[in-house]
Each structure stands twice: as C-alpha cells, then as structure tokens.
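Reading through the structure tokens given below for one structure.
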Amino acid sequence: MSNNKPENMSERTPLVIIGSGLAGYIFAKAWRRADPYTPLTIVTKDDGAFYSKPMLSVAMLQNKTPDELVIADAATMADELSATILTQTNVTAINRKQHTIQYDNGQTLSYKKLVLACGAKPYQIEIAGDTQQAMCSVNNLGDYRQFRIWLSGKKHIAILGSGLAGTEFAHELSKAGFQVSVVSLDPHPLSRFIPAKSGQLLQQQLHSLCGIDWRMNVTLKGIEAQKAGDFQLLLSDQSNLRVDGVLSAVGLRANTRLAEQAGLKTNKGVIVDKGLMSSDPDIYALGDCAEVDGDWCCFIAPIHYCSEVLAKNLVAGNNLERLHYPAMVIMLKTATYPLSFCIPSLSQEQEEGEWQITQQSGNQRAEYRDINHKLRGFVVTGTYAKEHMTLLNEITSS
Amino acid sequence: MNDRLIKALTGQPVDCVPMWLMRQAGRYLPEYRAIRAKIDFNTLIKTPSLCCEVALQPLARFDLDAAIVFSDILTIPDAMGLGLYFTAGEGPCFERPIQNAADIAALGVPDMYTDLGYVSEAVATLVAALKGRIPVIGFSGSPWTLATYMVEGKSSRHFERIKSLLFNEPATLHRLLELLTESVKQYLQAQINAGAKVVMLFDSWGGVLDTDNYRSCSLAYMRDIVHDLKQSVLSQHVPIILFTKGGGGWLTDIADTNCHAIGVDWTVNLGTARQQIGHAAALQGNLDPVALYAKPATIKQLVKQMFESLGDKTGYVFNLGHGILPATPPEHVSVLVEAVKRYGQVTQTARETGHVKQQT
C-alpha cells in the first residue's frame, strides 16, 4: 500500500474480506459488479481456489478428483475481481480502533470496511479412546484431498451424524462400494429439517436401495483401535461396530474467535443485523460464520441473498437495505433417492399449521399448510422430488 | 486437459499419438542429478514435494502427454517391513528378505494411509501442480515382480530362490502372491483416489517364467487386479496398462485379462503385436532405450519405421521398450519427441475411420 499521499489514504484503503470460500467470493463478485473502483483485498488461510463446496459430498461418484472441483485458482480470481488475494495467510487479530487486521508475521493491513467470511469448522466431539486415529472430517477442499487418500484400503466406514452432510456422504460412499453405518443421536435423518414420517421413509429407502446401516438414537461412547485402520466403536445402546474409519459429520462451529477477540458481539456466529452489519458499523459478516438476525444456518442459498444486500449497503454507504429471505428449497444430493425440502416459515408466532402427507410406493409428498390452507413448507421424495419448483411457486405466489 | 493418453488407451481417435517415457524423470537429466546429489533416493521418494518437483522436470523440457508419479515399485514390500535400501552397484535390496513360510505368515497388507500415504500424497501434489494440464499415471510392481525382490532380497540373475519356492512350496508362494495382490489393489486404488488418471503394472520379471507359471503366478494375479479395479465405481473409468517385460509371447493372454493396454518391449514388432491382439487392447512401447544413443537422423528413422510397422495409429501410445537409460543425452530425447509428434500425426480421415472402428 503506497502511503506517500496520506490525504488520499482513505480512498485507497481497501475493502478487506477475510475468507475465500463461497461466502467470500460470491459476495466479492456481487460487490465488484456494483463498485469497480474501490480496492479489494481478500485474505485467506488456504490457496484461494474457488470451488463449489456442495460438490465435496458428490464428487466421488462424478469421478472428479479434488483438483477438478476447482473452478478458478487464486490468480484467476484476483484478475476477475481486480483484487489482491493474500493466500496461505492467517489473520491473527482485528484492531478496530486502527481499522487494521494483523496477520501471520505481525504485518498489518488497513481496511476501510471489513467483511468476515471466515466460515465454520467441523464440530469436534470428544470421545474416549483412539479418536484422532480413527476420525476424519470434510469441510473444505484441503480436507477433501486428505479424505480421498484416507479412504484408500478402507471397506467399512462409520459416519457420525445424519444431517445433510452425513446423509449425503452415506449415500455417496455406499454407492462407491463402501459398507456404511450411520451413527446418530437423532431419531431419523435430517431431523432438524423434515418431519418424522419423511425422515423415516428416507432412512428406510436408503437402507433398501443403498444398504446403509442406520444406528439411530445412539451416541458414540468410545473408540478402540484394534490395529491400524481397524476400530471398535462402542455405542450407547451397548452394541458394538467394527469399522475401518469414522467420518465425522456432526455439524459445524462458526469461526468466531477473531470477532470475539476484537470484542464484537457473537453468539452461535458473529451477530449481524438484517443489513449484515456487526456490532461495529465498519465490520460485516456473512456465510457460515455469521448469525444473521438471530439465524445461524450453513446453507448456500442464503449466501446469495446476503451478498446482494451487503453489496448494496456498502456501495450506498448506509445500512438501509434489509435482508429478507424468500422461501428456499434445499435439495439432498442423493441421486438414488432424491429428496427436496423447504423449511416451513410462519410469519407470526401464533400461526400454526400441520403436515399433510401423501405417499405412494416409497415416494412421498409432505405439505405443511397453515390454518388458511396456505402452503408454507414441504418435503418431496423419490418421484415427487421433481415437484419442488411447482410447490415453491405456490409458496411464493401466496 | 490434454487427454490424448486416455483416449489412446481406450481406443478412441486422437489427433496425434500420445507419448511418455518410462523413467522420464531420472538420472539422464542433469537437474535430477543435482537433486540426487543432495538427497538420497529413499528420502526423495518419501518426500511428496520433491517427488513432484522431479516428476515435473522432464515436462519442462519435452512436450510429453503424461506425467508419472515419482516413486519406486518396491514401496509395498518396504511398507511390509522388509527394509528397503539402495546400493550403488546392486540397485534395490532388502535388509530382511523372505526366507520361509513363517516369514510370509507374519506379513500383512500395509495401511495405505499411515504406511503408504506418502505415495498418495506424491500423486495428489503432482496432480495439483499440473492443474489438469496432462494426466498423472500411478503405478505398482506386479505381485510376481514384488515377490521376486522380496524372496531374492535384491535383483537376481537366475531367480533361484523364488523359483525354488515355486517348485518346492507352491502353496507358500501363492499365499505371498495373494497378499501382494490385495496390497496392490488397495495401493492402485489409493493413487486413483489421490488423482491418478491412468495406472500401470510393471511386471518386470514376468518374462523369466515358463508359460504355465507365467499364467498362474503372474498373469492370474494381474487379471484379478484389473477385475477388481473395474468393479469399483471409483476406479472403473481409469485405464490400466499391463507391462510384462519379455512377455511378447503372451500378448493374447495379456489382452484376455481385459486390461486397457499392453506395454511391449523392443523384441516385439508392433505390426505383429497388433495382428495378434487386434483392437482388444491398446499397445504401448517399444523403442529400444539404447536406440537413444544413436545419431539424431537414426532416431528419426527408427521412429518412422515403428509407425510404418504399426499401421493404424488408433489405440497406440508411444514409449520406450523399457526405462530410459542414465547415459541418454537429453537432446536426443528432444529429437525423439519431435519425431513422434511428426510421424505420429493422425489425419482427419484416419481419425474418422478410427472412430467407426471403435463403434462397430
């Protein structure tokens, strides 16, 4: 940064984004379209490659190697965004008073506005025994490279967790020829998002179509290494499971350490309002690290809406644009037995509704309708899965 | 990606015959010798970043259509605990060679992540460095070839120890071969998982066997490996090359394994080989490595003759008949590459004909 013209400093001080995941790059693209002039610096602890994270759980069956998931490398992204991208760089502190961030070797960088897009990391459960040896988790491209190597020679994999990632990986690995057992404390897969009847059907279908062995309503009590690559899992229902490795997909923890140390308000994520502004008016957050208006969710679709709102606010120099999510569909990437859902949202607390379920030979349509029979959410599976657009249109038009 | 190699190995038409060279990264390159002056071979193959650097060296000089992971065929026995070391005169040796049935009973399949993860890392590092420019070839020694080193303890002239085992205690030898086969399956799968787009089995010593024992001790296990890789969703799209040095008499048997391609040494005439196997498998080879000591004009002439002998260029990969020799002048390799690019051109008509042949 040239500092021989101090009077122009503030104009030439960049917008700084911490993180080069989907949140960082999708926002950068949205903002750069509206502001071609302000300098942009992206600081990332990895190699800055732009890749599609949702592909990580389906790349294997598509015969894609980790490197084929890369859409553009850091140099290409820097060129496209007219940005400086500092790769392999760990941000160690945010100095809000001085408007600087500090990284690795004590170097500092001034920011005009700072956007936190630093993501989340896999939640590490603490289990007695040889956990480190047995366990693997996948949350970024680097993890995925390791995971592919880790899988070699393994035949039976236990997956911890039955959320989106756990269920998708269970499907992927079973179709790739692995024997898969899912260990989950939930009563059925996707229990945070879909009703029991849909979850039970999904479980049953993935068992009969892919051979997935579901161990539900149990927790993992311990892991004992028998020898290298051979582990005995002790479950809370007193049963045992002998596997070659454990893939942990029990959820994420937002990376809030930097924000906390800087004295920003955090809860499950960095707390931001509907304009994506944190408790510091010059610092914003989006993606997996942000709790937006009390809502922390690690999905892709919200990133697009957040990016548009934040880009508008930063360009306008105010915080007037407010986030409003439309109804969003989430598609479970289990090609053998597809499932799409839209989480019901009710505008007022007192509103109520109920699930109405139609089922025909293993295919299900579950509709959540309010007291006025308006569609508020749904789950569609199997042959019904392709109806998700029609149902989404019904929600948005009402 | 330049996918000429994959196309040729799967019998699809190409614009020009693809080429790579066995041991293309090696002692004939001064930049390789410079690294080896600082680092011993064992450390080199166990350091993925250096393996990557070395594997890229020939690509900076020559327009080759594939990279091959820099490693050694004896990593599996080493991981089984035999203690691989290298001597200047004798090549690879084992500290604790297999002596008897009890030694074999004590062996297990190595863990591909903890024991052999450095090879997968080397593949992944190379794949990442190439950014999809050209495919990376992964490889392993064949079970029989690995067994010869494990029992002999080093390179051998008459293979007396392993052949004694074969003739006196065949069941014991087959137990070793079965264990090696399972290891090789996992090892190749690991390299494929790390990003290898093609794999090759080096059966360097299959040619020392009589026909019956070649079939039962070498080929049967390679067939099992081919079958296994074709079963798995993760590897079924990856072409497999089988190379039995001295195996020119068994080409139809090798093609019968369902492998994608057969490596041939220089004792085989390419046209005759093609007549024998038809298009059941692609062919790879087979210029005598010593021919690279010849004058540039001779090298060009030899390449031209190879293509004339071959005829139809569909399903063919240019290579040497064995690894490139240390005394080869790198400039002669440039001459070779230029000649292959020239004489290996495939005309539009030939490409279309090739395509029709593929479909019928």
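Residue count for the stretch A:143-173 satisfying the condition of being facing chain B (nearest Cβ under 10 Å), touching a strand residue (DSSP E or B) at 6+ places or on another chain (Cβ under 9 Å), open to solvent by less than 30 Å² (accessible area, probe 1.4 Å) and in a loop (DSSP other than H, G, I, E, B): 2.
The single condition from (1) of a type outside the set (A, V, I, L, M, F, W, C); (2) open to solvent by 50 Å² or more (accessible area, probe 1.4 Å); (3) farther than 30 Å from A:Ala176 by Cβ; (4) free of Cβ contacts under 8 Å to residues at least 40 places away in the same chain that A:Ser361 fails is (3).
Please determine, by comparing only the residues of the stretch B:208-220 that are hydroxyl-bearing (Ser, Thr, Tyr) and surrounded by fewer than 23 Cβ atoms within 10 Å (Cβ to Cβ), which one is farthest from the other protein chains (Cβ to nearest Cβ). Steps first, answer last, please.
Here is the first cut: in the stretch B:208-220, the residues hydroxyl-bearing (Ser, Thr, Tyr) are B:211, B:214, B:216, B:218.
Filter once more, so that each one left must be surrounded by fewer than 23 Cβ atoms within 10 Å (Cβ to Cβ): B:211, B:216.
Values: B:Thr211: 33, B:Ser216: 26 Å.
In this case the residue turns out to be B:Thr211.
Go through the stretch B:236-245 and give me each residue that's within 27 Å of B:Gly321 (Cβ to Cβ) and not aliphatic (A, V, I, L, M). Steps first, please.
Restricting attention to the stretch B:236-245, the residues satisfying the condition of being within 27 Å of B:Gly321 (Cβ to Cβ) are B:238-245.
Hits for the stretch B:236-245 are B:Pro239, B:Phe243, B:Thr244, B:Lys245.
Inside the stretch B:94-113, residues that are at the interface with chain A (Cβ under 9 Å from one of its Cβ atoms), open to solvent by 50 Å² or more (accessible area, probe 1.4 Å) and not aromatic (Phe, Trp, Tyr) make up a count of 1.
Within the stretch A:368-380, being open to solvent by less than 30 Å² (accessible area, probe 1.4 Å) and either within 19 Å of A:Leu332 (Cα to Cα) or in a helix (DSSP H, G or I) (or both) holds for A:Gly377, A:Phe378, A:Val379, A:Val380.
Under the condition of being closer than 30 Å to B:Val119 by Cα and away from chain B (no Cβ under 14 Å), which residue from the stretch A:113-139 is modelled with the lowest pLDDT? Quick ask: steps written out before the conclusion?
Let us first name the residues in the stretch A:113-139 that are closer than 30 Å to B:Val119 by Cα, namely A:121-124, A:129-139.
Keeping just the survivors that are away from chain B (no Cβ under 14 Å) gives A:121-124, A:129, A:131, A:137, A:139.
Numbers: A:Lys121: 93, A:Pro122: 92, A:Tyr123: 90, A:Gln124: 85, A:Gly129: 81, A:Thr131: 78, A:Ser137: 93, A:Asn139: 91.
Filtering the stretch A:113-139 for residues that are closer than 30 Å to B:Val119 by Cα and away from chain B (no Cβ under 14 Å), the one modelled with the lowest pLDDT comes out as A:Thr131.
Only one of the numbered conditions (1) open to solvent by 20 Å² or more (accessible area, probe 1.4 Å); (2) touching a residue at least 24 places away in the same chain (Cβ under 8 Å); (3) among the polar types (S, T, N, Q) is violated by A:Gln232, and that is (2).
Just give me the residues in the stretch A:243-282 being in a strand (DSSP E or B), farther than 30 Å from A:Ala158 by Cβ and open to solvent by 20 Å² or more (accessible area, probe 1.4 Å), in sequence order. It would help to see each step written out before you state the result.
Of the stretch A:243-282, the ones in a strand (DSSP E or B) are A:243, A:245-248, A:252-254, A:266, A:270-272, A:277.
Narrowing the set further to residues that are farther than 30 Å from A:Ala158 by Cβ leaves A:266, A:270-272, A:277.
Hits for the stretch A:243-282 are A:Thr266, A:Ile271, A:Met277.
Here A:Gln200, A:Gln179, A:Gln205 are screened, and the one residue that is free of Cβ contacts under 8 Å to residues at least 24 places away in the same chain and either on the phi < 0 side of the Ramachandran plot or within 14 Å of chain B (Cβ to nearest Cβ) (or both) is A:Gln200.
Here A:Leu310 meets the list (1) within 24 Å of A:Gly377 (Cα to Cα); (2) in contact (Cβ under 8 Å) with a residue 24 or more places away in the chain; (3) not in a strand (DSSP E or B) almost entirely, failing just condition (1).
Would you check which residues across the stretch A:253-280 are under 30 Å from A:Arg215 (Cβ atoms) and in contact with a helix residue (DSSP H, G or I) (Cβ under 6 Å, 6 or more places away or on another chain) and list them? Listed by number, the list holds a single entry, A:Ala254. Is it the case, given these coordinates, that B:Trp205 is away from chain A (no Cβ under 14 Å), closer than 22 Å to B:Phe159 by Cβ, open to solvent by less than 30 Å² (accessible area, probe 1.4 Å) and among the aromatic types (Phe, Trp, Tyr)? In short, no.
Taking residues in the stretch B:226-237 that are away from chain A (no Cβ under 11 Å), and partners anywhere that are among the basic types (Lys, Arg) and crowded, with 20+ Cβ neighbours inside 10 Å, the pairs with Cβ atoms closer than 8 Å and at least 6 places apart or on different chains are B:Leu229/B:Lys185.
Considering (1) open to solvent by less than 10 Å² (accessible area, probe 1.4 Å); (2) modelled with pLDDT of 95 or more, the lone condition that B:Ser235 does not fulfil carries the number (2). Whenever a residue of the stretch B:102-120 is under 22 Å from B:Phe139 (Cβ atoms), its partners that are open to solvent by 70 Å² or more (accessible area, probe 1.4 Å) and not hydroxyl-bearing (Ser, Thr, Tyr), lying with C-beta atoms within less than 7 angstrom and at least six residues away or across chains, give the pairs B:Tyr118/B:Lys46.
For the stretch B:241-250, indicate whether the set of residues that are part of a loop (DSSP other than H, G, I, E, B) and of a type in the set (Lys, Arg) is non-empty.
Filtering the stretch B:241-250 for residues part of a loop (DSSP other than H, G, I, E, B) gives B:245-247.
This time we only want the ones that are of a type in the set (Lys, Arg), so: B:245.
Yes.
Within the stretch A:39-54, restricting attention to residues that are away from chain B (no Cβ under 14 Å) and crowded, with 18+ Cβ neighbours inside 10 Å, the residue that is farthest from A:Asp104 (Cα to Cα) is A:Lys53.
When A:Asn318 is tested against the conditions (1) open to solvent by 10 Å² or more (accessible area, probe 1.4 Å); (2) assigned to a strand (DSSP E or B), the lone failure is (2).
Checking the structure you have, find out if any residue of the stretch A:381-395 is open to solvent by 20 Å² or more (accessible area, probe 1.4 Å), within 30 Å of A:Thr266 (Cβ to Cβ), over 19 Å from the mean Cα position of the chain (by Cα) and in contact (Cβ under 8 Å) with a residue 24 or more places away in the chain. There is no residue in the stretch A:381-395 that is open to solvent by 20 Å² or more (accessible area, probe 1.4 Å), within 30 Å of A:Thr266 (Cβ to Cβ), over 19 Å from the mean Cα position of the chain (by Cα) and in contact (Cβ under 8 Å) with a residue 24 or more places away in the chain.
The values are calculated or read from the model by the stated rules, or taken from the named source; none is laboratory data. Given the structure is predicted, the values throughout are model-derived calculations rather than measurements. Using ideal geometry, Cβ is built from the backbone for each residue, glycine included, and neighbour counts are taken over all protein chains shown. When the accessible area is computed, the model is the full protein with side chains, heavy atoms only, and any ligands, DNA or RNA have been set aside. Shrake-Rupley method; radii C 1.70, N 1.55, O 1.52, S 1.80 Å.
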